[in-house]
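Asker: Encoded as structure tokens, here's the structure I'll be asking about.
Every number here is computed from the coordinates shown, using simple stated rules; none is lab data. The shown structure was predicted, so the numbers you read here are calculated from the model rather than taken from an experiment. Positions of Cβ are backbone-derived with ideal geometry, glycine not excepted, and every protein chain shown enters the neighbour counts.
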Amino acid sequence: MKHPAILLACLLLLGACHRSGRPVTLQGETQGTYYSIIYFDPGQRNLQPQVDSLLQLVDRTASLWNEHSLIRRINSGQDSLITPLFHDLVDKASTIRHYTHGAFDCRIGTLVSLYGFGFKRRADIRPGQIDTLMAQLTPQAYTLIPHPSADGSTPYILRRNTPFEFDFNAIAQGYTSDLLAAMLDSLGIHNYLVDIGGEVIAKGSKPGGTPWTVGIERPAENKYSSPEIETAIALRNQSVVTSGNYRKYYEQDGIRYSHTIDPATGLPVSHTLLSVSVVSAASWYADAMATAFMVMGLDKALQFINDHPDNPDIQAAFFIYDDHGKYRTHATPAFQALITE
């Protein structure tokens, strides 16, 4: 089934195609999820080969499900020379880690695997194991060393000083959406909607000059439920990313374990926040901040937003939370202004 954002966008396009030519739609699978791209191009170019090439580059670099990827080799100690794309992901993740005081951290790959949310099967947790893994997340956990090459470029050697593992899943899909958007821009395409697993970029407008309309998913009863739209927002030259706990979890002894891990404790979060949607200029930024807010919980996330009034990329946020078994929502003023009637 299509994601609500793309489904809603497709429905709204049907009546407008005759005014601006038919949209080109590309769909497929990547990074363990779906992707869907809708764009308007007077030449009706099929950009599937370019899209496939870019997605394969990211897969070879940052996918934990690709056993030959660079991140797998780095995590296992087989390699240390990183590519510019890998370096950029590390740099961006480090920026958000410092900005959120550790609520977002791409170095928790071993913890993610321990709970069975990575490519490895869940195993029994030994006494003291979480504390041991947490001790690896020191400020000096890794070192980046410039390594000039013969062609004049400056790749980096990444030296892990503790045996932690990288996990870019909380930023890679948003980052990939940004890469696809930059590719479309470079080809002179300026009206499009890119969606990778819910990380959406809306550029330009629909036919007639109206903004894109993007749906925000309502938390599902369980991981098998069909998606439904909670609300819809109008976007133009912005990204929206939703992070939630209601589809990726497991239950054991009557306790539900969320896939969102708190880097401060090493434990799955246990608050009542079900999902967060963040609107930002960049999809990677919205992706990372939505994850950070999921770690913080509703009250701390709202306080963080209030404490950073000069950052427009976190002011538009939408929270869905559990209030004694009932869904409640909270939209910041900047997000409320985007909601369509």
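Asker: Given 0.36 nm per residue, what is the gain on full extension from residue 270 to residue 190 after removing their alpha carbon distance, in nm?
Answerer: 24.6 nm
Asker: Near residue 92, which aspartates and glutamates are there with a Cα under 16 Å away, not counting those fewer than 8 places off in the same chain?
Answerer: By straight Cα distance, residue 92 reaches 105, 167, 178, 287, 313.
Asker: Would you please give the FRET efficiency between residue 140 and residue 322, computed as 1/(1 + (r/R0)^6) with r the Cβ-Cβ distance and R0 = 56 Å, to the nearest 0.05?
Answerer: 0.90
Asker: Right, next: On a full-extension model of 0.36 nm per residue, what is the gain between residue 154 and residue 94, subtracting their alpha-carbon distance, rounded to one decimal in nm?
Answerer: Using 0.36 nm per residue and subtracting the Cα-Cα distance, I get 19.6 nm.
Asker: How far, in nm, would the chain grow between residue 147 and residue 29 when pulled straight, counting 0.36 nm per residue and subtracting the alpha carbon separation?
Answerer: Full-extension gain reported as 39.0 nm.
Asker: Projecting each Cα onto the charge dipole of region 270-340 (Lys/Arg +1, Asp/Glu -1 at the beta carbon, about the Cα centre), which of 281, 271, 324 comes out farthest on the positive side?
Answerer: 324
Asker: What dipole magnitude, in Debye to the nearest 20, does the chain give about its Cα centre under +1 on Lys/Arg Cβ and -1 on Asp/Glu Cβ?
Answerer: Its charge dipole is roughly 420 debye.
Asker: For a quick check of your reading of the filter: which chymotrypsin sites (Phe, Trp or Tyr not before Pro) in region 14-99 sit in a DSSP loop and have no more than 12 other Cβ atoms within 10 Å?
Answerer: Answer in residue order: 65.
Asker: Shifting gears a bit: According to a simple spin-label model (label point 7 Å from Cα along Cα-to-Cβ), what is the distance in nm between residue 229 and residue 132?
Answerer: 5.0
Asker: Considering the Cα positions of the chain, please state its Rg to one decimal place and its Dmax as a whole number of Å.
Answerer: Rg and Dmax of the chain, Cα atoms, are 20.2, 65 Å.
Asker: Over the chain, what is the mean sequence separation of C-alpha contacts under 8 Å (at least six apart), divided by residue count, expressed as relative contact order in percent? Please report the intermediate quantities before stating the final value.
Answerer: Values: 630 pairs, mean separation 56.5, N = 341.
Averaging sequence separation for qualifying contacts and normalising by length gives 17 percent for the chain.
Asker: Springs between alpha-carbon pairs under 10 angstrom, Gaussian network model over the chain: which of 317, 286, 103 fluctuates most?
Answerer: Fluctuation is largest for 103.
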